[in-house]
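Please read the structure below before turning to the comments.
Bear in mind these aren't lab numbers, they're just calculated from the coordinates by the rules spelled out. Treat the numbers as computed from the prediction; the structure is a model and nothing was measured. Here Cβ is always computed from backbone atoms with ideal geometry, including for glycine, and neighbour counts include all displayed protein chains.
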Amino acid sequence: MLEKSRVMAGSAVMLLGAALLAGCTKSEDGASPSTSASGGEQVVASASPSGAGCTLTQYGAAPLDLKNAIVGFSQSEKEANPFRIAETQSIKDEAAKIGVKKLLTTNANSQLTKQISDIQDMLAQGAQFLIVAPLNSDGLEPALQAAAAKHVPVLTIDRKINATSCKDYLAFLGSNFVEQGKRAADAMITATGGTGKVAILLGSSGNNVTTDRTSGFVDELKAKAPGLSIVAQQTGEFARDKGQQVMEQLISSNPDITAVYAENDEMALGAVTALTTAGKKPGKDVKIVSIDGTRNAVQAIVDGTINAVIESNPRFGPLAFQTATSFYGGTGIQENVIISDRAYDSTNAKDSVASAY
């Protein structure tokens, strides 16, 4: 049986505690969760334990009262994806809740050059603190350099960048994507009984989410289920239409596929459509496991077309602004603050649809 939930109910993120952000690693049982207005919680699983964390002085930033500040948020992908919709809304909601003077928001629409110019434009408009959801792990150097030149801290969320913390950027808030891949593999083993032929719908290239979710899944299958063979891997670019298109091609080239691992829910839902159109029964003839935890995917578990989903919680607003508040309050911020994510299967999906994003 899939692990039902690793998220605890509890206090709002403002109770997270300076000790955790300062580098005192805590288990999920010891961390305080953040609760979004839409009902989802984020639990901090751990913070990187080394050192005292990055301080205001070390970063070279000036003191700042967020209620008198201009904060910028750079979204990486167009908001046709429920993850991005929920993530942006969470940032907006928390900025309004704590009374940020002005929040600037941009959307790069999956274009790296636009994300760079978006960040540069927000700096030109006077942004004093930046929250960035990077499109890729590499390539943002011009934007980071522009922020550093103005001593503006950059907090990254949901995707890591290949740069130096406390210099090029402040910290990373997000999930353990390797662990997500491993948990998806465990769910696949449960769904298939440990035998079959698996196709992987990869996320977009150039970011650590795709790399980590793939390696975690592949390594776990090798270790635990040699009877599950991976027969195809192709990118669906984290998009539903592309996932459907790729799945159609894979059905044609590999008609004996019995399982699909989709590295996000949108691609999984596209695969459901492709399989149904081809006369196959998704969730039965072809088992499907995905990552994200969108409401549509959790509902698909209830409907029987998806077998399991590992959550990737997008509600970063409370944790992001608590991190900023702690930073400007003198707390050292660790380079990695890792959250815990829920898991959904037939045992809990029906009761969880309403709280999914």
LEU269 fails exactly one of (1) under 19 Å from GLY181 (Cα atoms); (2) touching a residue at least 40 places away in the same chain (Cβ under 8 Å), namely (2)
Restricted to the stretch 346-357 and to residues being surrounded by fewer than 20 Cβ atoms within 10 Å (Cβ to Cβ) and in contact (Cβ under 8 Å) with a residue 12 or more places away in the chain, the residue nearest to the chain's Cα centre (by Cα) is SER355
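Okay, residues lined up against (1) in a helix (DSSP H, G or I); (2) over 22 Å from GLN120 (Cα atoms):
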{"position": "ALA52", "(1), (2)": "no, yes"}
{"position": "GLN58", "(1), (2)": "yes, yes"}
{"position": "ALA61", "(1), (2)": "no, no"}
{"position": "VAL71", "(1), (2)": "no, no"}
{"position": "PHE83", "(1), (2)": "yes, yes"}
Of (1) touching a residue at least 40 places away in the same chain (Cβ under 8 Å); (2) in contact with a strand residue (DSSP E or B) (Cβ under 7 Å, 6 or more places away or on another chain), LEU221 satisfies every one except (1)
Could you please let me know if THR277 is farther than 30 Å from ALA163 by Cβ, touching a strand residue (DSSP E or B) at 6+ places or on another chain (Cβ under 8 Å) and of a type outside the set (A, V, I, L, M)? no
Expected single match for closer than 19 Å to PHE83 by Cα and not hydroxyl-bearing (Ser, Thr, Tyr) among ALA274, ALA223, ALA232, ALA268 is ALA268
Residue set ASN109, ASN176, ASN68; condition surrounded by fewer than 17 Cβ atoms within 10 Å (Cβ to Cβ), touching a residue at least 12 places away in the same chain (Cβ under 8 Å) and within 22 Å of the chain's Cα centre (by Cα); output residue ASN109
Original post:
Being buried (at least 20 other Cβ atoms within 10 Å of the Cβ), among the basic types (Lys, Arg) and under 22 Å from LYS78 (Cα atoms), is that true of even one residue in the stretch 314-332?
Top reply: yes
